Amino acid sequence: MSSIMQIIETYAGMLMGALGKTLLLTLLSLVFAMVIGMIFALMNVGKNRVFNFIGTVYVDAVRGVPLIVLAYFIYFGVPAGMKAIFPEFRLSALQAGTIALAMNCGAYMAEIIRAGIESVDKGQMEASRSLGLTYGKSMRLVVLPQAIRTMIPSIINQFIITLKDTSILSVIGFPELTNMGKTISGNTFKSLETWAIVGVMYMVVIVTLSKIAKRIERRVNRGR
Amino acid sequence: MEDRRAIIHVENLKKDFGKLEVLKDMSIDIYEGEVVVLLGPSGSGKSTFLRCLNQLERATAGTIVVDDNVITDKNTDINKVRENIGMVFQHFNLFPHKTVLENIMLAPVELKKMTKEEAKAKGMQLLKRVGLDAKADAYPSQLSGGQKQRVAIARALAMNPDVMLFDEPTSALDPEMVGEVLNVMKELAADGMTMIVVTHEIGFAREVADRIVFMDGGYIVEQGTPEEVISHPKEARTIDFLNKVL
């Protein structure tokens with residue numbers, strides 16, 4: 001027990017800093033993932049065959065590749081491939097990490113949003129179109145507001161998965177929480193204590209976030 | 001009758017769903033102020049025909065002209081034409097995330113036909129007309145089926161349409177609520193609205209329709225006044241159908 005306190009005393013600042021990095025990476029990825037998810041979901045629910053195809057290929061491709069491989073590909077592979085044209089091109093671990101996570105999370109998000117849109121009764125779109133509203137306006141004003149309600153639990157779930165997935169990006173050297181755990185356990189030779197602390201830190205954040213999310217969910221569902 | 005303007009002109013309309021031919025060859029003119037009731041067995045193509053009139057179903061072949069716009073032409077701005085065609089659905093299709101008044105105000109405000117204040121005033125006036133001004137701030141989930149359908153009618157009227165399409169407006173209602181919806185429709189007809197109604201309410205058809213169109217198998221079998229078609233049908237299929245429903 002005393003060694004846990006010792007580690008906390010010595011490394012508290014670094015651990016909190018690393019947690020901050022984890023949250024930063026999560027947040028950035030989620031913002032981009034929402035945009036990516038929305039774009040590909042809309043491609044998939046529309047009637048345009050070319051867009052459908054692009055949307056399906058994206059989702060299948062990204063979901064078919066492990067996140068760690070995607071991260072290596074973006075961090076090492078892409079700059080290597082661009083060497084001939086842009087020899088100076090490099091991606092920071094944060095940039096590469098954000099891209100990899102956003103692409104990954106975006107593919108799952110696309111599926112969540114697509115399922116949400118498809119869960120809305122077809123009559124809603126028809127009623128809106130029959131009034132003269134365009135497809136885009138009908139989607140934005142009538143279908144999406146209803147879809148979001150059914151999507152919220154799945155989106156929260158995906159947010160939590162993405163937060164946990166940031167740990168995978170320790171492999172490209174981004175100094176997030178898991179990477180910091182590696183450093184500390186290497187320095188102190190106290191694996192059990194270090195990883196227990198790191199685990200609890202993840203847990204506290206995730207449980208807090210899901211509690212907040214539950215509250216939001218309840219508020220959105222009110223007046224339905 | 002001859003110098004009345006045909007508000008809808010349909011010529012050789014065909015509609016397939018894959019291999020299934022639902023409308024085989026339909027031609028009809030509908031005149032301003034006319035109330036036309038479409039009768040026929042299920043699967044005869046009545047609803048599909050109605051949905052072709054505002055291109056919720058795209059016609060496979062043929063020509064449909066609404067208010068001088070050839071809506072079967074791909075270059076026609078269908079959204080503009082739809083502003084003048086109100087539609088009422090079997091399952092109401094009210095927007096559940098909006099209040100009754102917001103449901104009615106949405107299209108006129110979004111399409112810049114009215115300011116928010118104008119749309120609100122118009123909405124309240126329409127709600128009064130269908131007897132639901134007290135429910136302006138309620139959500140659709142708080143209404144009965146009959147009330148929902150009356151709101152749906154008010155919503156369609158908010159755009160000041162030239163034509164109203166009714167797709168089995170009372171089929172999803174409990175029997176005791178059918179009357180209130182039909183009454184609103186009767187008043188609308190009395191005010192001179194052009195209406196095309198798909199319904200199984202023979203009594204309503206007899207009382208309100210200027211013309212009955214009997215459809216079967218994707219064709220118009222017989223048409224005429226209620227007296228002609230309902231009381232003295234000529235075609236065997238019409239007689240057979242009426243024997244079953246009356």
* From the residues in segment A:48-100 that are more than 30 Å from A:Gly136 (Cβ to Cβ) and of a type in the set (Phe, Trp, Tyr), which one is most open to solvent (accessible area, probe 1.4 Å)? -> A:Phe73
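Are any residues in segment A:19-52 in a helix (DSSP H, G or I) and more than 18 Å from the chain's Cα centre (by Cα), and if so, which ones? Walk me through it before giving the result.
Applying the first criterion (in a helix (DSSP H, G or I)) to segment A:19-52 yields A:19-45, A:49-52.
Correct list: A:Leu42, A:Met43, A:Asn44, A:Val45, A:Arg49, A:Val50, A:Phe51, A:Asn52.
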* To do: Exactly one condition in (1) open to solvent by 40 Å² or more (accessible area, probe 1.4 Å); (2) in contact with a helix residue (DSSP H, G or I) (Cβ under 9 Å, 6 or more places away or on another chain); (3) more than 15 Å from B:Val36 (Cβ to Cβ); (4) not in a loop (DSSP other than H, G, I, E, B) is not met by B:Asp240; state its number.
  => (2)
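Return the residue satisfying two criteria in turn: it lies in segment A:137-147 and is over 26 Å from the mean Cα position of the chain (by Cα) and not aliphatic (A, V, I, L, M), and of such residues it is nearest to the other protein chains (Cβ to nearest Cβ). Show your work before the answer.
Residues of segment A:137-147 that are over 26 Å from the mean Cα position of the chain (by Cα), as a first pass: A:137-138, A:142.
Within this subset, residues satisfying the condition of being not aliphatic (A, V, I, L, M) are A:137-138.
On the way: A:Lys137: 6, A:Ser138: 10 Å.
Step by step, filter segment A:137-147, then rank; the result is A:Lys137.
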* Is it the case that segment A:156-163 has a residue that's within 14 Å of chain B (Cβ to nearest Cβ) and of a type outside the set (A, V, I, L, M)? -> no
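Sort out which residues of segment B:86-97 are within 7 Å of chain A (Cβ to nearest Cβ) and either touching a residue at least 60 places away in the same chain (Cβ under 8 Å) or not aromatic (Phe, Trp, Tyr) (or both), and write them in order of number. Spell out the reasoning first.
As a first pass, look at segment B:86-97 and keep what is within 7 Å of chain A (Cβ to nearest Cβ): B:87, B:89, B:91, B:93, B:95-97.
Of everything in segment B:86-97, those that are within 7 Å of chain A (Cβ to nearest Cβ) and either touching a residue at least 60 places away in the same chain (Cβ under 8 Å) or not aromatic (Phe, Trp, Tyr) (or both) turn out to be B:Met87, B:Phe89, B:His91, B:Asn93, B:Pro96, B:His97.
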* Residues of segment A:84-131 being within 13 Å of chain B (Cβ to nearest Cβ) and among the aliphatic types (A, V, I, L, M), which ones? -> A:Val120, A:Met125, A:Ala127, A:Leu131
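For residues in segment B:163-181 being more than 12 Å from the chain's Cα centre (by Cα) and not small (Gly, Ala, Ser), which is surrounded by the fewest Cβ atoms within 10 Å (Cβ to Cβ)?
Filtering segment B:163-181 down to residues more than 12 Å from the chain's Cα centre (by Cα) leaves B:171-181.
Now narrow it down to the ones that are not small (Gly, Ala, Ser): B:173-178, B:180-181.
Working: B:Leu173: 21, B:Asp174: 10, B:Pro175: 7, B:Glu176: 10, B:Met177: 18, B:Val178: 20, B:Glu180: 19, B:Val181: 25.
Among them, the one singled out is B:Pro175.
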* Could you identify the single residue in B:Val100, B:Val37, B:Val81 that is at negative phi and within 10 Å of chain A (Cβ to nearest Cβ)? => B:Val81
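Kindly provide the set of residues from segment B:110-120 that are more than 8 Å from every other protein chain (Cβ to nearest Cβ), more than 19 Å from B:Ala138 (Cβ to Cβ) and open to solvent by 40 Å² or more (accessible area, probe 1.4 Å), ordered by number. Spell out the reasoning first.
Residues of segment B:110-120 more than 8 Å from every other protein chain (Cβ to nearest Cβ): B:112-120.
Restricting the remaining residues to those that are more than 19 Å from B:Ala138 (Cβ to Cβ) gives B:112-118.
Passing the criteria: B:Lys112, B:Lys113, B:Thr115, B:Lys116, B:Glu117, B:Glu118.
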* Could you please give the count of residues in segment A:117-126 that are without any contact (Cβ under 8 Å) to a residue 40 or more places away in the chain, out of contact with any Leu (no Cβ under 7 Å at 6 or more places or on another chain) and assigned to a helix (DSSP H, G or I)? => 5
* Confirm whether B:Val245 is buried (at least 17 other Cβ atoms within 10 Å of the Cβ) and β-branched (Val, Ile, Thr). => no
* Structure fact -> Reported set for segment B:55-74 where residues are within 14 Å of chain A (Cβ to nearest Cβ) and surrounded by 14 or more Cβ atoms within 10 Å (Cβ to Cβ) is B:Gln55, B:Leu56, B:Glu57, B:Val66, B:Asp67, B:Asn69, B:Ile71
* Structure fact -> Filtering segment B:194-237 down to residues that are assigned to a helix (DSSP H, G or I), touching a residue at least 24 places away in the same chain (Cβ under 8 Å) and open to solvent by 60 Å² or more (accessible area, probe 1.4 Å) yields B:Arg206
* To do: Hand me the list of helices (runs of 4 or more DSSP H) wholly inside segment A:127-198 holding 3 or more residues that are buried (at least 16 other Cβ atoms within 10 Å of the Cβ).
  => A:144-165, A:177-188
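The values are calculated or read from the model by the stated rules, or taken from the named source; none is laboratory data. Because the structure is a prediction, the values reported are computed rather than measured. We place every Cβ from the backbone using ideal geometry, glycine too, and count neighbours over all the protein chains shown. The accessibility values were calculated without ligands, DNA or RNA, using every heavy atom of the protein model including side chains. Shrake-Rupley method; radii C 1.70, N 1.55, O 1.52, S 1.80 Å.
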